[in-house]
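As structure tokens, the structure follows; a few thoughts come after it.
The values are calculated or read from the model by the stated rules, or taken from the named source; none is laboratory data. The model shown is predicted, which means the values in this text are computed figures rather than measured ones. Glycine gets a Cβ as well: all are built from the backbone with ideal geometry, and neighbour counts include every protein chain shown.
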Amino acid sequence: MMGEGFQFIDIVLFAMIAAFLILRLRSVLGRHRDSGRSEGLFGTERRPLSQEDEPTMVPEPEKADEVEEKLKNQPQPDPGSAAAAARLEEGFAEIVKASPDFGRAEFLEGVRAAFEIIIKAFAVGDREKLGSLLSEEVLGNFSEAIVSRENAKETLETTLVRIVDVALLETYMDGEVSHISVKIISEQVNVTHNAEGEVVDGNPDRISEITDIWTFARDTKARDPNWVLVATRGPD
């Protein structure tokens, strides 16, 4: 009888422990479900479904009249620029036909070098150096300015800070002579001193941006491969 009593008590105790564990497990699971937070694999947190499954908004297609209005408001290419570019290419084609070894890149490099040599030679009055790079007409104009400066006993000090840009403007053939016009934008410091060394024009502390348009020419039948400066002017 005693043994059966102890067995009954053991069964009751086990049942009570099992009921406690079930209640505890429900309590824990209930808190996780109602907390509004979901734990993913390996403890990584995932967003609620309301955020993950948010529908993608697809914009309505534009109406035909709206598309047409946008196209009208877009900037249109300048016909003049396109025509100028076409003429430039036609001129280059003619020059290359007359001089197959002509190269644009090499020409522009030569323009930069010639520009620096010419403005420095003009500043110091080096007519000999100018004579090898200028046509007779341009050399005459430069020489006249040099003589006028010398008669006034003035000196010109020119510092070429940098050449900002060299752009091709026009190309054409005149008989056997190739012509190319370029726009040269440079930064310079130009100061004129009188006989006493006083500044009569310019500012030694001011850098000026100067735009020149120069035209170079070369006789394609001549042995001399060098181009000559045949015209100079300022921007229109």
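For the reader, a short list of remarks on this structure follows.
- Filtered residues of the range 120-156 (kept if without any contact (Cβ under 8 Å) to a residue 40 or more places away in the chain and in a strand (DSSP E or B)): 155, 156
This table checks each residue for (1) touching a Phe, Trp or Tyr at 6+ places or on another chain (Cβ under 6 Å); (2) of a type in the set (Lys, Arg); (3) assigned to a strand (DSSP E or B); (4) within 18 Å of residue 109 (Cα to Cα).
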position: 192; (1), (2), (3), (4): no, no, yes, no
position: 216; (1), (2), (3), (4): yes, no, yes, yes
position: 225; (1), (2), (3), (4): no, no, no, yes
position: 236; (1), (2), (3), (4): no, no, no, no
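- Considering the range 142-158, the residues that are surrounded by 14 or more Cβ atoms within 10 Å (Cβ to Cβ) and polar (S, T, N, Q) include one that is farthest from residue 117 (Cα to Cα), namely 155.
- Condition met for residue 199 (at pLDDT 95 or above and closer than 20 Å to residue 133 by Cβ): no
- Selection from the range 184-204 of residues that are free of Cβ contacts under 8 Å to residues at least 12 places away in the same chain and either surrounded by 11 or more Cβ atoms within 10 Å (Cβ to Cβ) or of a type in the set (Asp, Glu) (or both): 196, 198, 199, 201
- Any hit, the range 67-75, residues being among the acidic types (Asp, Glu), part of a helix (DSSP H, G or I) and either at pLDDT 95 or above or surrounded by 10 or more Cβ atoms within 10 Å (Cβ to Cβ) (or both): yes
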